[in-house]
Amino acid sequence: MPIPARRAAVVALAILATAVTGCSSGQTHSDAKNDSAHPGTSTSASSVPPGSLPTGPGPQSTYSVQQQPAPGSCHFGYTADKQPLPDSKCTPGATNPNVTPGTLKTTICRSGYTSGIRPPLSITSREKKANAASYGYTGNPHDSEYDHLVSLELGGDPNDARNLWVEPPSPGHRPGSGPNNPKDVVENRLKAAICTGKVELTKAQYAIAHDWTTAEATLGLKQ
């Protein structure tokens, strides 16, 4: 083959190789985009399955004080009958990864489980003070409860800041009498329903995190 013709052939082969590489590269980027959009790998809010909650770190052998939202950045909500609700942006709830449908008998349905994973007062008292500033709560600290939105007995995370909030007293509370919130009664009923198989764990967790005042009705436990 004459040299000019040979050079032309080489150039043609080089162009063809570049085109093939470009097509291959484009397919790879497309696949990567599809993979990143998969619900199992994406961290976007749209990929979070409906009715799910964040998962916390779980019980720790030694707890440390958790950073709270910035002062004044959280706002209480209230139901029509003035029951307090947390700000879902600050306190969406978080679950304990050790509590699953398969571990109920050895975790929340076992007597004494929650007492063994509860953070000490030396930790929670400092968190409570900072969280009160987050919510702008200025009432008597003694009358408010530093509450697990998804309670420990329902498989809530013990010390994830997303699962704790300063819960103001409910209507009819006698000032100075200390925390005595009707939410605690709801928590006890939901735990009983979970441990007797009447309600699924994850559904109960989501229901109380979404609105503790309607959780029982949402789950069909209250007529």
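Only one of the numbered conditions (1) at pLDDT below 95; (2) within 19 Å of the chain's Cα centre (by Cα) is violated by LYS191, and that is (1).
Does GLY139 count as in contact with a His (Cβ under 6 Å, 6 or more places away or on another chain) and assigned by TED's automatic domain parsing to the domain that holds SER177? No, not satisfied. Screening TYR135 against (1) among the aromatic types (Phe, Trp, Tyr); (2) over 20 Å from LEU201 (Cα atoms); (3) without any contact (Cβ under 8 Å) to a residue 60 or more places away in the chain leaves a single unmet condition, (3). Please find, within region 68-89, the residue that is nearest to LYS183 (Cα to Cα) out of those that are surrounded by fewer than 16 Cβ atoms within 10 Å (Cβ to Cβ) and under 16 Å from the mean Cα position of the chain (by Cα). Looking at the filtered set, the residue picked out is SER88. Of all residues in region 152-181, exactly one satisfies the criterion of being out of contact with any helix residue (DSSP H, G or I) (no Cβ under 9 Å at 6 or more places or on another chain), outside any helix (DSSP H, G or I) and modelled with pLDDT of 95 or more, namely ASP160.
Here's the yes/no breakdown for (1) of a type outside the set (Asp, Glu); (2) at pLDDT 95 or above; (3) not in a loop (DSSP other than H, G, I, E, B):
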| position | (1), (2), (3) |
| --- | --- |
| PRO69 | yes, yes, no |
| HIS75 | yes, yes, no |
| ASP81 | no, no, no |
| LYS89 | yes, yes, no |
| VAL99 | yes, yes, no |
| ARG110 | yes, yes, no |
| ILE123 | yes, yes, yes |
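The values are calculated or read from the model by the stated rules, or taken from the named source; none is laboratory data. Owing to the predicted nature of the structure, the values given are computational and were not obtained by experimental measurement. Cβ atoms come from the backbone with ideal geometry, glycine included; neighbour counts cover every protein chain shown.
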